[in-house]
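Accompanying notes for the structure given below.
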Amino acid sequence: MSELENLMRDVARTVQTDARRRQLLPEIQARLAALDDKRRPARAVWGWSMAGAMACCAAGIAFYVMQVQPVSFAVDGVSSAGTTGAVGQKLAAPEASALSLRFSDGSQVTLPPRAQAHVDDVDNKGATVAVDDGTVEVSVVHRAKTRWQVRAGRYQIHVTGTRFAAGWDAREQTLTVTMREGSVIVTGPGLKQGTPLTSGQRLRVNAAASEPSAAIDDADAPELAAPTPAAADAVEPAAVEAEPAVVVTETPTPAREERRVGSIRTRRAAPIKLAQLDDDWRAFEARHQFKEAFAAALNAGWDNYCARLGAEDLIKLGNVARYSRDAGHAESAYQAARRRSSTADQPVFFLGRVAFDLRKDYVAAGNWFDSYLKRFPHGPLAQEAAGLLLDSRLKAGDNVGARDAAGSYLRAFPHGPLASKARATVGQ
């Protein structure tokens, strides 16, 4: 193979990632100069002419490759650290850890424990990711002509550059989209013209309903149900409903009142009557009816459960209270779980979530997430804990702590969904 062919192959390799694109022309020029030095004694003038022509040719090839190179992705997980992903490959996160899809354009899709997804398509402008079951966290880097989509059933989420969670309950045919940053447009049944969502909003829509309708509320509104069975332990619940396509937007009152705003329907739900509940809170929890489960556990004796249940059930009990927005009972269950098992990581993490989400005590939340990372540096929730530690320090106004948290995040998760925020925090 000739020196020129070798050079062209190196050009193709160089443009694989954005990080090295800026170094492309200097590298080509250096290689051409070295090649020209070898030939100068015999044909100096001709060599310089050839070097200029080759430089133009290499630059043209580089520009072409950069334009047509399709997005690629790697899969990071317990048994697949950095392996190259394939379009159509079925991906399922294991019971106790997450999978991360790192795309060559800097975007990332994270599958929490038990979530399932696959990549439908890739091109030079982005990718299409299909959520098969569960909730995935999506962070798309905005670039010129970015074209990203996330598909769930008959729904499509059109993305340019943003962070959001997309939950799909395959059994119930329910989509939940919770916006973190930026904006998206969602199309599908019940969304005739496409529904725009912006930062802080949450959408829930049920394709299986006889007349699918969409409900939008504040992402911080009280929550009664987790997004999907697949990711209930690792991802915050994204909807507040006892019925499909209905969101509780105000404190429940005895009367039930419904109103419509365009295609968005909201409903005030009647309070739960304890006399109608089965004392077996587990039956409600298994059906993801967390409000009912919480009421049943209170009726049967919360303290009694905390005194005798095992760590696994205590974590579920804590989740039931947390999803019902009751910080005190959630903390008592998680603390009891910590006493039962010193090796359980979830109670520590979820105590941080209670402090962050419910109490808005960002100093305490940061301390819990910091404790999680010190005790479980390779735990299944380590990446999320690292991101929440950074957010906690920032919200608490702890600039020094935020820079430390950002540096730690970048060292552990250089391609994580909060990498750009971490780099901005440390001034990179």
Just to be sure before I move on: is E172 crowded, with 18+ Cβ neighbours inside 10 Å and not aliphatic (A, V, I, L, M) in the structure I sent?
no
Considering segment 160-200 alone, what residues qualify as being assigned to a loop (DSSP other than H, G, I, E, B) and under 16 Å from the mean Cα position of the chain (by Cα)?
T160, G161, G182, S199, G200
Looking only at segment 395-413, decide whether some residue is outside any helix (DSSP H, G or I), under 25 Å from G161 (Cβ atoms) and not small (G, A, S).
yes
Confirm whether R353 is modelled with pLDDT under 95, assigned to a helix (DSSP H, G or I) and surrounded by fewer than 20 Cβ atoms within 10 Å (Cβ to Cβ).
no
If V87 satisfies every condition in (1) surrounded by fewer than 15 Cβ atoms within 10 Å (Cβ to Cβ); (2) modelled with pLDDT of 80 or more; (3) out of contact with any strand residue (DSSP E or B) (no Cβ under 7 Å at 6 or more places or on another chain); (4) of a type outside the set (K, R) but one, which is the exception?
(3)
I'm told Q67 meets every condition in (1) at pLDDT below 55; (2) in a loop (DSSP other than H, G, I, E, B) except one. Can you identify the failing condition by its number?
(2)
Of (1) of a type in the set (A, V, I, L, M); (2) buried (at least 22 other Cβ atoms within 10 Å of the Cβ); (3) more than 18 Å from D313 (Cα to Cα), V363 satisfies every one except (2)
Pick from Y305, Y334: which is under 25 Å from the mean Cα position of the chain (by Cα), hydroxyl-bearing (S, T, Y) and in a helix (DSSP H, G or I)?
Y334
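The values are calculated or read from the model by the stated rules, or taken from the named source; none is laboratory data. Because the structure is a prediction, the values reported are computed rather than measured. FYI the Cβ positions are ideal-geometry reconstructions off the backbone, even for glycines, and counts take in every protein chain you see.
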